[in-house]
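First comes the structure, then the notes that go with it.
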Amino acid sequence: MKPNDRTVALNEVRLIGPEGDQLGVVPYAKARELAAEAGLDLVMVSDRTVPPVVRIMNFGKLQYEQKKNLKAQRRNSAAQKIKEVKFHINIDQHDYETKIKHGLDFLDKKYKLKVTLALRGREMARQNLAYDLIRRVLADFAAVADADGEPKLLGRNISVNLTPKSGTSDKAVRERSSAESV
C-alpha cells in the first residue's frame, strides 16, 4: 500500500497541542487520550501529509469562528449593486437633468451605473442622434465615473456601464457637472 493512500489506517499522527505547541508524532490512540484528558476534541488539520496532522482543540469554537469569518467576508465583499438610468432620444432638458442627478446620486453612493438609451420605432434610423446623446451623458458623468467600455447597441438599446471613481464624492464635482449640462 502507498503511504499517501487515503485508505491507510491512522496508526501515527503528528499532534499539535491546544496552545499550538508541537507534541511530535504519536500513536492515534495516545492522541485521542490526550484530547480526552484536556476535555477537547481531536481535529484533523491536514490529511494529505504523512503522517496526518491533528490538533487538540474545541471543535465547536472552531466552527463558530469559521462562520464568523465567513460572515465578515460576505459583509466586506458585498455584491456590487447596479443601478440603471434610462434615456430616450427626444428627452426634454429638465428630464435629462433629473436623470443625470439621479445617476450622480447612485454614483455618490458607490453603486455601479448602467446608462441605457432606448430606441423606439423609427428612432432606429437616427442612431447618430442616439450616440450623440450617450456621449453627452458620458461627458456629464466623466468627473465622477469611468466607462467600463464603449457604448454598445444591443437590439434597440444602447448601453454602457459606469464605475464610480474613488475619492470623488464631494458636492463640488456634482455641482460642476450639473452646471456644465445647462
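The values are calculated or read from the model by the stated rules, or taken from the named source; none is laboratory data. The structure presented is a predicted model; accordingly, all values stated were derived computationally and were not measured. In this analysis, Cβ positions are derived from the backbone assuming ideal geometry, glycine residues included, and neighbour counts consider all displayed protein chains. Remember, those area values only see protein heavy atoms, side chains included, never the ligands or the DNA or RNA. Shrake-Rupley method; radii C 1.70, N 1.55, O 1.52, S 1.80 Å.
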Original post:
Across 10 Å bins from the origin, how do the percents of Cα pairs in region 1-159 run, short distances first?
Top reply: 9, 24, 15, 8, 8, 13, 15, 7, 0
**OP:** Work through the residues other than Y111 whose Cβ is under 12 Å from its Cβ and net out their charges, Lys, Arg +1 and Asp, Glu -1.
**Re:** +3
Subject >> Formal net charge of residues neighbouring R120 (Cβ-Cβ distance under 14 Å; K, R +1; D, E -1) >> reply: +3
**OP:** Please list, in chain and number order, the residues 5+ apart from F87 or on another chain whose amide H is under 5 Å from its amide H, with Hs placed from the backbone.
**Re:** T116, L117, A118
Original post:
So what J values fall out for region 104-113 if you push phi through Karplus, 6.51 cos²θ - 1.76 cosθ + 1.60 with θ = phi - 60°, rounded to Hz, Gly and Pro as x?
Top reply: 5, 4, 4, 5, 5, 8, 6, 7, 6, 10
**OP:** Calculate how many DSSP beta bridges within region 1-156 are antiparallel, expressed in % of all such bridges and rounded to the nearest 5.
**Re:** 50 percent
Original post:
Label points 7 Å out from Cα along the Cβ direction at T49 and D21: separation in nm?
Top reply: 1.8 nm
**OP:** Round to the nearest 0.05 the FRET efficiency obtained for E84 and K61 when R0 = 45 Å and r is the Cβ-Cβ distance.
**Re:** 0.50
**OP:** Please identify which residues in region 129-156 have an amide N closer than 17 Å to a label point set 7 Å out from the Cα of T163, following the Cα→Cβ vector.
**Re:** 142-151
Original post:
Just how much of E150 is accessible, in Å², when a 1.4 Å probe is used and the result is rounded to the nearest 10?
Top reply: 140 Å²
Original post:
For L23, which sequence-distant residues (separation of 5 or more, or a different chain) have an amide H within less than 5 Å of its own amide H, given hydrogens modelled in the peptide plane?
Top reply: L15, I16, G17
Subject >> Approximate spin-label separation R156-N11, in nm, with each point projected 7 Å along Cα-to-Cβ >> reply: 7.6 nm
Original post:
Between K165 and residues 5 or more places away or on another chain, which pairs have amide H atoms under 5 Å apart, with H built 1.01 Å from N, and which residues are they?
Top reply: A145, D146
**OP:** Any of K71/K101; K68/K109; K112/K152; K81/K165; K67/K165 with alpha carbons more than 24 Å apart? Name them for me.
**Re:** K71/K101; K68/K109; K67/K165
**OP:** Roll a 1.4 Å probe over the protein heavy atoms and report the accessible area of Y64 in Å², nearest 10.
**Re:** 140 Å²
Original post:
When the solvent-accessible surface of protein heavy atoms is calculated with a 1.4 angstrom probe, in what order do H94, H88, H102 fall, highest first?
Top reply: H94, H102, H88
Original post:
Taking the Cα-to-Cβ direction at D92 and at E37 and moving 7 Å from each Cα, how far apart do the two end points lie in nm?
Top reply: 8.6 nm
